[in-house]
Amino acid sequence: MMGESLTGWVLLLAIMAMVSALSVVYVKYDSRLKFNQLQKEFREQDRLGVEWSRLQLEQNTWSSHNRIEKLARTKLKLQAPRPDQIIYLQVK
């Protein structure tokens with residue numbers, strides 16, 4: 001009777017150790033997958049950061065030209081010359 005009880009406990013502990021080992025393997029595998037996903041997201045973040053900087057630079061380039069032209073037209077009352085007002089010079 002005592003041997004059957006001890007065998008049951010040993011079997012239960014062996015099953016629990018097996019479940020624990022499989023859990024460790026699963027958690028380690030899941031951790032690696034999540035780490036790879038995290039690295040992928042960091043690369044995407046870096047790519048988007050570079051693109052954002054490029055777009056800001058482009059916006060500043062376009063907005064400064066438009067701003068200068070607007071100021072020239074409104075404050076200085078400048079306008080593009082008509083074709084008959086353009087004088088061509090020949091350089092020797």
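Odds and ends about this structure:
- Failed condition for Leu89, given (1) surrounded by 10 or more Cβ atoms within 10 Å (Cβ to Cβ); (2) more than 41 Å from the chain's Cα centre (by Cα): (1)
- Number of the exception - Leu57 against (1) under 19 Å from the mean Cα position of the chain (by Cα); (2) modelled with pLDDT of 95 or more: (2)
- Residue among Leu55, Leu78, Leu22, Leu13 that is surrounded by 10 or more Cβ atoms within 10 Å (Cβ to Cβ) and not in a helix (DSSP H, G or I): Leu78
- Among the residues of the stretch 62-75, the one identified as surrounded by fewer than 10 Cβ atoms within 10 Å (Cβ to Cβ) and either within 16 Å of the chain's Cα centre (by Cα) or hydroxyl-bearing (Ser, Thr, Tyr) (or both) is Thr74.
The values are calculated or read from the model by the stated rules, or taken from the named source; none is laboratory data. Computed from a predicted structure; not experimentally measured. With ideal geometry, Cβ positions are generated from the backbone for all residues, glycine too; neighbour counts draw on all protein chains shown.
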